[in-house]
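Scroll down for the structure; my scribbles are underneath it.
Values quoted throughout were computed directly from the atomic coordinates according to the rules given, and no laboratory measurement underlies them. A quick note: this is a predicted structure, and the numbers were derived from the prediction, not measured. Every residue, glycine among them, receives a Cβ derived from its backbone with ideal geometry; neighbour counts consider all protein chains shown.
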């Protein structure tokens, strides 16, 4: 069975209703019945609105590191999740947040999402 992957790029300090945005997205995905999602903190990175490369070094642990959320599920479900997540990413910084959202692409593997 073919699935679809959605990748969301954001910053660790992004908030949604006074809560970490990445956690709010994961909770929303779980409540919506998503097969699975993973949030990963980057150790370094930059984006179109960053002025410097963000890094996490032992001596200088930053709290504004890049985050990546990866979701894999059935194509129709990913499209529905993408609309919900896009709504969460919009807000006062809609142009910069929306640029961090990468839509979807097909994936295939041995297992199938439920």
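Ordered by the number of other Cβ atoms lying within 10 Å of each residue's own Cβ, fewest first, 46, 81, 9 fall into the sequence 46, 9, 81.
Label sites at residue 64 and residue 31, each approximated as a point 7 angstrom past Cα along Cα to Cβ, lie 2.9 nm apart. Ordered by the count of other Cβ atoms within 10 Å of each Cβ, fewest first, 38, 7 give 38, 7.
The gain in end-to-end length when the residue 46 to residue 5 segment is fully stretched comes to 12.5 nm, 0.36 nm per residue minus the alpha carbon separation. At full extension, residue 83 and residue 15 could sit 22.6 nm farther apart than now, given 0.36 nm per residue minus the alpha carbon distance.
Volume of the convex hull of the stretch 1-40 (Cα atoms only), normalised per residue: 72 Å³.
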